[in-house]
Amino acid sequence: MARTVEQILGKKAVAAIRKPIEKAGGLPGAAYTSQEFFDLEQAKFFPRTWMGIGFEADIPNPGDAMPVMIGKLPIILVRNKSGDIKAFHNVCRHRAATVLTKPEKGLTTLTCPYHAWAWDLDGALKAIPFFDGTKDGNRTDLNRCKLGLAPVRCAVWHHWIFVNLDGTAPPIEKHVAPLENLVAGTEIGATAMGKRQDWEFQANWKFQNDNWETYHHIWVHKGIFNKMSDDLELKTGEPWTETLQDGSFVTLKARKGRPPRAKSGGKGDVKHPLPAIPVEAGASRTVCTSVLFPNVTLTVTENHLASVIIDPLAPNRTVAKMGFFFAGKGATGRNYAPARKQVLDRWLGKSRKPDGRDGIRSQDFGIWEEQQIARHSPVADEVVFSPVWERNVHHFQKQLLETMQA
Ligand code: FES
């Protein structure tokens, strides 16, 4: 029988996380390194919530489909004839081969490569060739209605596709409400994808959520963020952001009156600055960077959105699916290519390599990989949080345990 969270992590460690932040301890090493804990997350955390699984722009047209994994679980995402996105378990109902093995475009059916059973794009079984020896399988009394592709609850919010594996999570509207309220007024729908990139890093998926603090910016992202702002933070002990937590959501929201941080792709930087993301009449612009648990991040700036969907592959292997979105012609216009490049240089580094350590993303991946190594030590079972900077981290870890122990 599978062991519980307390049996794997220890009662004392679990109790320590639940304490007020000033006295709390963090998740012990096993939560990051053990296959057993990863398997428990796969059983008791990922299925119970809305997992980000892809961007709408990944399958833009009817008939587009792609296989995706949630941990060990294979899923098909497909856009049907009406343009709606559907998700199915990527498992053939004949003898359980993988139905879709690579991204495809312009499909009319999903056809298993093993014996060519085929389903329409809504998952209804349409063909079982030669199953009973006849070309169309007309002699069998097999109940085809029962052999549709097994559906997975699926929802789309703006650019993001989510699935809820166990079908019991609250409606997606409720899940995204804190984030939607925060960015209300910013016309996210007026942006389009300008860059898509996948990078793998050798560390646990939770480090992304553990990273939702600005304490590390001064050191890890030296030279990328604005020195004046960093200096002020150190002098006053006042982070440039407010940390806010609400259920399955944390954010870092720019404080009013903070010194301007370094921008890219904006006025004065390039000949054609990126268009600002429109803001609804009467609304004020919110600059913030948020995590929607368990695995979607969204940074909202004046002229672009940067997002990551995290795919946990193993305790020490994770893929970051990164999407960058710009307003209007900023996403595709040639005039704006230098401005887009500036934005992407900042996030992905000029090297555009996950080990380049010259962009925000690769710098973060680097430090997470170092943490992954250190987490094997018994000394790493005792970590503490800064009440000034790390409320988001503590909130995430409490939420994780709460969901897994529900
Ligand atoms: S396993 Fe898919 S058609 Fe046989």
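The values are calculated or read from the model by the stated rules, or taken from the named source; none is laboratory data. Quick caveat, the model's predicted, so the values are computed rather than measured. No Cβ is skipped: glycine too gets one built from the backbone with ideal geometry, and neighbour counts run over all protein chains shown.
Matching residues to (1) among the hydrophobic types (A, V, I, L, M, F, W, C); (2) surrounded by fewer than 18 Cβ atoms within 10 Å (Cβ to Cβ); (3) more than 24 Å from GLU6 (Cα to Cα):
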| residue | (1), (2), (3) |
| --- | --- |
| THR49 | no, no, no |
| GLY54 | no, no, yes |
| ASN61 | no, yes, yes |
| LYS72 | no, yes, no |
| ARG79 | no, no, yes |
| SER82 | no, yes, yes |
| HIS89 | no, no, yes |
| HIS94 | no, yes, yes |
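From the list LEU100, LEU147, LEU125, which one is within 24 Å of THR168 (Cα to Cα), touching a Leu at 6+ places or on another chain (Cβ under 7 Å) and within 12 Å of the ligand (Cβ to nearest atom)?
After ruling out the rest, the residue left standing is LEU147.
Here is a list of conditions, (1) surrounded by 12 or more Cβ atoms within 10 Å (Cβ to Cβ); (2) more than 13 Å from the ligand (Cβ to nearest atom); (3) touching a residue at least 40 places away in the same chain (Cβ under 8 Å), and THR140 meets all of them except one; can you say which number that is?
(3)
Can you go through LYS321, LYS341, LYS329 and tell me which one is in contact with a Phe, Trp or Tyr (Cβ under 8 Å, 6 or more places away or on another chain), assigned to a helix (DSSP H, G or I) and not assigned by TED's automatic domain parsing to the domain that holds LEU73?
Answer to the check: LYS329.
Restrict the check to segment 112-120 and report whether at least one residue is more than 13 Å from the ligand (Cβ to nearest atom), closer than 25 Å to ASP198 by Cα and surrounded by fewer than 20 Cβ atoms within 10 Å (Cβ to Cβ).
No: zero hits.
Does SER386 satisfy the condition of being outside any helix (DSSP H, G or I) and either free of Cβ contacts under 8 Å to residues at least 24 places away in the same chain or among the hydroxyl-bearing types (Ser, Thr, Tyr) (or both)?
The answer is yes for SER386.
Could you please let me know if GLU200 is over 16 Å from the mean Cα position of the chain (by Cα) and in the same structural domain as GLU302 (by TED's automatic domain parsing)?
Answer is no for this residue.
From ALA320, ALA314, ALA281, grab the single residue that is free of Cβ contacts under 8 Å to residues at least 12 places away in the same chain and not basic (Lys, Arg).
Every option except ALA281 fails the conditions.
Name the helices (runs of 4 or more DSSP H) wholly within segment 152-257 that hold at least 3 residues that are in contact (Cβ under 8 Å) with a residue 60 or more places away in the chain?
172-183, 206-210
Would you be able to say whether some residue in segment 66-86 is away from the ligand (no atom under 12 Å from the Cβ), among the β-branched types (Val, Ile, Thr) and modelled with pLDDT under 95?
Looking through segment 66-86, at least one residue is away from the ligand (no atom under 12 Å from the Cβ), among the β-branched types (Val, Ile, Thr) and modelled with pLDDT under 95.
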